[in-house]
Amino acid sequence: MTAAERIIVPLDVPDLERAIAQLDRLPDVQFWKVGLELFISEGPPILELLKTRGKRIFLDLKLHDIPNTMAGACRSAARYGVDLLTVHATAGRPALQAAQQALREGAEAAHQPLANAIAVTLLTSLNARELAFDLQVPIELPEYALKMALLAQESGLAGAVCSPQEAQQLRQICGPNFLLICPGVRPSWAASGDQQRVMTPKQALDAGASYLVIGRPITLAENPAAAFERICGEL
């Protein structure tokens, strides 16, 4: 893949009008992430717009529920023809397996390509102290992320969302075909914001990331297209 194909840019805007403006400002971006804010605001039309423009879609809904509800949501999402869909690994093995099966059934019924289910291991806004003291998880953060990724892999999912700081270990253990989607990626010239476990794009790819989610360093830049081109150049 080219550098541009590896970068996923979030459409973190509240409505369709601003989403269109973002797309127009960044015509060279090939892979877009649609998260909760925009999808709840606009629903399927934003996905249809991206498809008509020939873009790849990361539907980042972070589903987390009982197996039956997860299956129903994934079956519905499958008909949109998205490339990636996120679920929380902490939903547990039965829910992850139900989600994967439902995606397959939904894609077949809608004559769409199968979306890759991607498990969130631990949000990159959380650090080791918060994992231990706030969430009361009594194991080290890298081990926890690995356990969640292995749970996803054993449940038949295509990959995991992880911090780039965990990517090297996950790549070594989960193998070359397991997708690793890494937010918390910041160029050296950009602020880290509320991401606490960060690396530069080059460091993240070298660590084993499959795709990089890079938002504000591009979308909030004075010249977003130039910022995107600069990051591609650095890769």
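Here are the numbers:
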{"quantity": "Tabulated pairs, the range 1-29, first surrounded by 17 or more Cβ atoms within 10 Å (Cβ to Cβ), second of a type in the set (Lys, Arg), C-beta under 6 angstrom, 6+ apart or interchain", "calculated": "Ile8/Lys33; Pro10/Lys33"}
{"quantity": "Single condition Leu131 does not satisfy, out of (1) part of a helix (DSSP H, G or I); (2) in contact (Cβ under 8 Å) with a residue 24 or more places away in the chain", "calculated": "(2)"}
{"quantity": "All positions within the range 30-46 that are closer than 14 Å to Tyr80 by Cβ and either more than 16 Å from the chain's Cα centre (by Cα) or open to solvent by less than 20 Å² (accessible area, probe 1.4 Å) (or both)", "calculated": "Trp32, Val34, Leu38, Glu42, Gly43, Pro44, Pro45, Ile46"}
{"quantity": "Sole exception among (1) within 17 Å of Leu85 (Cα to Cα); (2) open to solvent by 30 Å² or more (accessible area, probe 1.4 Å); (3) of a type outside the set (Ser, Thr, Tyr) for Leu49, by number", "calculated": "(1)"}
{"quantity": "Any chance Ala145 is within 24 Å of Val34 (Cα to Cα) and open to solvent by 30 Å² or more (accessible area, probe 1.4 Å)", "calculated": "no"}
{"quantity": "Counted residues, the range 103-157 - those being under 18 Å from Asp60 (Cα atoms) and of a type in the set (Ser, Thr, Tyr)", "calculated": "3"}
{"quantity": "Selection status of Ile181, open to solvent by less than 10 Å² (accessible area, probe 1.4 Å) and in a helix (DSSP H, G or I)", "calculated": "no"}
{"quantity": "Residues (in contact (Cβ under 8 Å) with a residue 40 or more places away in the chain and open to solvent by 10 Å² or more (accessible area, probe 1.4 Å)) located in the range 61-85", "calculated": "Lys62, Asp83"}
{"quantity": "Residue list for the range 154-178, restricted to those being among the aliphatic types (A, V, I, L, M) and either within 21 Å of Gly35 (Cβ to Cβ) or open to solvent by less than 10 Å² (accessible area, probe 1.4 Å) (or both)", "calculated": "Leu157, Ala158, Ala160, Val161, Ala167, Leu170"}
{"quantity": "Failed item in (1) crowded, with 17+ Cβ neighbours inside 10 Å; (2) over 16 Å from the mean Cα position of the chain (by Cα); (3) outside any helix (DSSP H, G or I), with Leu151 passing the rest", "calculated": "(3)"}
{"quantity": "Index of the failed condition, Ile218 passing every other in (1) at pLDDT below 95; (2) open to solvent by less than 10 Å² (accessible area, probe 1.4 Å); (3) part of a helix (DSSP H, G or I); (4) not small (Gly, Ala, Ser)", "calculated": "(1)"}
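Quick grid of which residues meet (1) among the charged types (D, E, K, R); (2) free of Cβ contacts under 8 Å to residues at least 12 places away in the same chain; (3) at positive phi; (4) touching a Ser or Thr at 6+ places or on another chain (Cβ under 9 Å):
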| residue | (1), (2), (3), (4) |
| --- | --- |
| Leu180 | no, no, no, yes |
| Gly184 | no, no, yes, yes |
| Thr200 | no, no, no, yes |
| Gln203 | no, no, no, no |
| Ala209 | no, no, no, no |
| Ile218 | no, no, no, no |
| Ile231 | no, no, no, no |
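The values are calculated or read from the model by the stated rules, or taken from the named source; none is laboratory data. These numbers come from a predicted model, not from an experiment. Every residue, glycine as well, gets a Cβ built from its backbone with ideal geometry; the counts of neighbours run over all protein chains shown. The area values use the complete protein model at the heavy-atom level, side chains included, leaving out ligands, DNA and RNA. Shrake-Rupley method; radii C 1.70, N 1.55, O 1.52, S 1.80 Å.
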